[in-house]
Amino acid sequence: MSLKPSPANYGERATEIPLPTCAVSRSSEAKPLCQVNGFQVWRCPSSATDFVWPKPTDTIPKVDPAGDRIGNACANHEASESVLNIATALLDRFTEGAKKLSVLDVACGYGTCLRLAADKRWKCFGIEPSAHAREVAAKRHGNRINIVERAEDLLPQRFDLIFMFEALEHLTDPYPLFFTLFGRDAIGPETLVVITTPNARSHEAIANPSGWAYRNPPSRLVFYSARSLEILLRRLMFKSLHLAGIEPLPSGPASHFDDEAASLNDELGGFLGLVAEAKGSDFKEFMHERYVPGAFWKLTEYEHLPRYALAGTLANGKRVLDFGCGTGYGSAILAEVAVSVVGLDISTDAIEWAKAMHRNPRLAFELRSDLGRGLPPASFDLVTCFEMIEHVDFEMQQATIQSIAKLLTPEGKLVISTPDPRFTADYGNNPYHLREMSEAEFMELLQPCFRQVTMLKQWVRPSILIGTQTFPGLEPVVFGPLEKHSGYDSLVGFVAICSNQAFSPPPHFCQFDTTTNFNRKTLETEHQLNRLRFENQCLLDGKALLESQAMELNRVLAETRTWVDTLIEGKNWLEGQVNALEAQLQELDHVLEETRAWLKEREGLLAETQAVNLAQSSQIKRLLEEVEHYQNTSREPLDSEP
């Protein structure tokens, strides 16, 4: 975004040719390494990083044909066997719990690694700039995975695992990708980020820099070593970091660059590629109330950068103090025109970040909690203090302005800003803002310490330019609204210029964003909104269909419940019948037992009767025999008489 002072305000320094700057360390102390495919490759000794400079203008990463990835994948968007093995091992580390796990694959290609996660019931998301690869992935995996073109297209959500398999080397700068992911809340302290990349400090890469198989711009633009990844990930505040090698190389002579300090690079020189595992970053919290260029949306950029651009018009040849410098991006802007700039902040993390990311011999950063009281009085011609004063209470606000007034020369100026409370109200409550001020309250704070206070106001407006060139030069420019309106004028905030010497009011300051194709962006946004509207309508239609189906299911369910109730009634009746039959059966069992007892008793009586009858029969038989014998005996004498 062209939100820096115009070349006329920069003076001669604005025409300086930028030095090759390392994408990782931000150091300009690079050395030429080799030329490949017409591109100059430079080497940064401090971070052991190689990079292409000047950066290619085409920002879309390119991927070479088959064999481009570590382990020789079968196609340019397919994952290699070694990468698939890494992905499988990583997924196996996680145990499924009540929360469904989610994974993001950056430069996911055809979604092969995401398929592995989908098979394990992960929520799967990918980023892939190639429309062809996204189309193939959609055909292969359907709605099991969700792939977008850019990181900016992701919905805000936190991931458990993020793959960056052979992705970073295709970007001219790795930081914006991470800033976007942190800004989308994709990376939290619990997120495990895994990176693989060719090893730019392998013995092969060092022995033959231009002939190394993976040195192939413009496909790859930054070439990482273990030291590179360590610096990158530590700056992004990952607390847990593990680096290892991939694909051992055939044994060969060890080699290194003499001006690069001994490090993990020497231990991993025998590997074709590298894998880094990082976890525990609190960078999201760090950037929550500090502006990091590239980490926020355009509106935030339009709020912050123009203030420093305005201050840059006053900083040419001046000694400048950037009070509450935060991440130091504004101090670096001012250092391009100022004689010297000191960035001051109370945060250790902010100062360490600023020192690491912004390097200029005219720029220094200091950690102070004394409101600058330890600095020499009257030692600065210009002090900037942007979006800091609302972060302290009234008493501290007064002390801050008093201290700044003492640090300025008699002719010095303070340029200070604070947001309009009506503007910040749209964002909701901000716990970091202890005292926001209206314009009148802001003036009341500044006037006791400065004889002249010119209060400017900042607006963010869409605009149209008609002229001979895209950026107005010295020719007059006529400004006017498209249409008049009434009501609140939607101020972003107030910018006050303060001094103890009289000064002419500054001209109105207007900037045009020349880095964004507004028409294309608007059309893309409208197309995206139309697509989302269409998808929303499809969802609504699907919802209506589901509601209709639900009504039918409810009807069937009601009928089923009625039928079930009938079955239950029948079941209850049958259970009653069964219980009655069981009772009757028990009664019959009881009768049967009694009958058996009666029969047994009768059997005893019968046996006794039979015994009596038998005895009586025996007795009768005996009596008959006796009678017969008696008769026979009595008859014999009668027969013997004459």
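The values are calculated or read from the model by the stated rules, or taken from the named source; none is laboratory data. These numbers come from a predicted model, not from an experiment. No Cβ is skipped: glycine too gets one built from the backbone with ideal geometry, and neighbour counts run over all protein chains shown. Accessible surface is based on the protein model in full, side chains and every heavy atom, while ligands, DNA and RNA are left aside. Shrake-Rupley method; radii C 1.70, N 1.55, O 1.52, S 1.80 Å.
Given the residues Ala338, Ala364, Ala332, Ala356, which is the only one that is over 16 Å from Cys449 (Cα atoms) and open to solvent by less than 10 Å² (accessible area, probe 1.4 Å)? Result: Ala338 is the single residue among Ala338, Ala364, Ala332, Ala356 that is over 16 Å from Cys449 (Cα atoms) and open to solvent by less than 10 Å² (accessible area, probe 1.4 Å). Looking across the range 406-426, the residues that are in contact with a Cys (Cβ under 8 Å, 6 or more places away or on another chain) and either open to solvent by less than 20 Å² (accessible area, probe 1.4 Å) or over 17 Å from Met455 (Cβ atoms) (or both) come down to Leu414, Val415, Ile416, Ser417.
Close Cβ contacts (under 7 Å, 6 or more residues apart or on different chains) running from residues in the range 172-198 that are at positive phi to residues that are part of a strand (DSSP E or B) are absent.
Note on the range 309-326: residues that are β-branched (Val, Ile, Thr) and at pLDDT 95 or above total 1. Out of the range 152-169, which residues are of a type in the set (A, V, I, L, M, F, W, C), open to solvent by less than 90 Å² (accessible area, probe 1.4 Å) and under 16 Å from the mean Cα position of the chain (by Cα)? Scanning the range 152-169 gives Leu154, Phe159, Leu161, Ile162, Phe163, Met164. Any chance the range 523-533 includes a residue that's farther than 24 Å from Leu154 by Cβ and out of contact with any helix residue (DSSP H, G or I) (no Cβ under 7 Å at 6 or more places or on another chain)? Scanning the range 523-533, I find no residue that is farther than 24 Å from Leu154 by Cβ and out of contact with any helix residue (DSSP H, G or I) (no Cβ under 7 Å at 6 or more places or on another chain), so the answer is no.
Ser281: modelled with pLDDT of 85 or more and in a loop (DSSP other than H, G, I, E, B), yes or no? Against the criterion (modelled with pLDDT of 85 or more and in a loop (DSSP other than H, G, I, E, B)), Ser281 qualifies.
Taken over the range 125-151, the criterion of being open to solvent by less than 80 Å² (accessible area, probe 1.4 Å) and among the acidic types (Asp, Glu) is satisfied by Glu128 alone. Confirm whether Gly343 is surrounded by 17 or more Cβ atoms within 10 Å (Cβ to Cβ), of a type outside the set (A, V, I, L, M, F, W, C) and free of Cβ contacts under 8 Å to residues at least 24 places away in the same chain. Yes, satisfied. Inspect all residues belonging to the range 370-392 and state whether any of them is in contact with a strand residue (DSSP E or B) (Cβ under 7 Å, 6 or more places away or on another chain), crowded, with 17+ Cβ neighbours inside 10 Å and farther than 30 Å from Ser28 by Cβ. Scanning the range 370-392, I find at least one residue that is in contact with a strand residue (DSSP E or B) (Cβ under 7 Å, 6 or more places away or on another chain), crowded, with 17+ Cβ neighbours inside 10 Å and farther than 30 Å from Ser28 by Cβ, so the answer is yes.
Taking residues in the range 609-631 that are in contact (Cβ under 8 Å) with a residue 60 or more places away in the chain, and partners anywhere that are outside any helix (DSSP H, G or I) and among the hydrophobic types (A, V, I, L, M, F, W, C), not one pair has Cβ atoms closer than 6 Å while being at least 6 places apart or on different chains.
Taking the range 273-301 as the range and being closer than 23 Å to Ala205 by Cβ and either surrounded by fewer than 20 Cβ atoms within 10 Å (Cβ to Cβ) or among the acidic types (Asp, Glu) (or both) as the test, only Glu277 passes.
List the number of the failed condition for Ser225; all other conditions in (1) hydroxyl-bearing (Ser, Thr, Tyr); (2) in contact with a His (Cβ under 7 Å, 6 or more places away or on another chain); (3) surrounded by 22 or more Cβ atoms within 10 Å (Cβ to Cβ) hold. All conditions are met except number (2). Asn429 meets all of the listed conditions (1) open to solvent by less than 20 Å² (accessible area, probe 1.4 Å); (2) free of Cβ contacts under 8 Å to residues at least 24 places away in the same chain but one, namely (1).
The set of residues from the range 214-247 being in a strand (DSSP E or B) and within 17 Å of Phe165 (Cβ to Cβ) comprises Val222, Phe223, His242, Leu243, Ala244, Gly245, Ile246, Glu247. Residues that are over 11 Å from Phe51 (Cα atoms) and in a loop (DSSP other than H, G, I, E, B) were ranked within the range 26-40; the one that is least open to solvent (accessible area, probe 1.4 Å) is Ser27. In the range 84-93, the count of residues that are closer than 25 Å to His242 by Cβ, crowded, with 19+ Cβ neighbours inside 10 Å, out of contact with any Cys (no Cβ under 8 Å at 6 or more places or on another chain) and in contact (Cβ under 8 Å) with a residue 60 or more places away in the chain is one or more. Of the numbered criteria (1) outside any helix (DSSP H, G or I); (2) in contact (Cβ under 8 Å) with a residue 40 or more places away in the chain; (3) open to solvent by less than 40 Å² (accessible area, probe 1.4 Å), the one Ala311 fails is (1). When you go through (1) under 30 Å from Arg215 (Cα atoms); (2) free of Cβ contacts under 8 Å to residues at least 40 places away in the same chain; (3) among the hydroxyl-bearing types (Ser, Thr, Tyr) one by one for Ser130, which number turns out not to apply? Single failed check for Ser130: (2).
Could you go through the range 316-330 and let me know if any residue there is basic (Lys, Arg) and touching a residue at least 60 places away in the same chain (Cβ under 8 Å). Checking the range 316-330: at least one residue is basic (Lys, Arg) and touching a residue at least 60 places away in the same chain (Cβ under 8 Å). Selection of helices (runs of 4 or more DSSP H) fully inside the range 92-195 by the criterion of at least 1 residues being among the charged types (D, E, K, R) returns 112-119, 131-141. Picking from residues in the range 469-513 that are open to solvent by less than 70 Å² (accessible area, probe 1.4 Å) and modelled with pLDDT under 70, the one that is nearest to Ser417 (Cα to Cα) is Asp489.
Note on the range 292-336: among residues that are under 21 Å from Ser379 (Cβ atoms) and aromatic (Phe, Trp, Tyr), the one that is farthest from the chain's Cα centre (by Cα) is Phe323. For beta carbons closer than 9 Å, sequence separation of 6+ or different chains, a first residue in the range 391-412 that is aromatic (Phe, Trp, Tyr) and a second that is outside any helix (DSSP H, G or I) and open to solvent by 30 Å² or more (accessible area, probe 1.4 Å), the qualifying pairs are Phe394/Leu434; Phe394/Arg435. Select, from Glu587, Glu552, Glu575, the only residue that is open to solvent by 100 Å² or more (accessible area, probe 1.4 Å) and either free of Cβ contacts under 8 Å to residues at least 12 places away in the same chain or among the aliphatic types (A, V, I, L, M) (or both). Every option except Glu587 fails the conditions.
Among residues of the range 439-466 being in contact with a strand residue (DSSP E or B) (Cβ under 9 Å, 6 or more places away or on another chain) and assigned to a loop (DSSP other than H, G, I, E, B), the one that is least open to solvent (accessible area, probe 1.4 Å) is Phe450.
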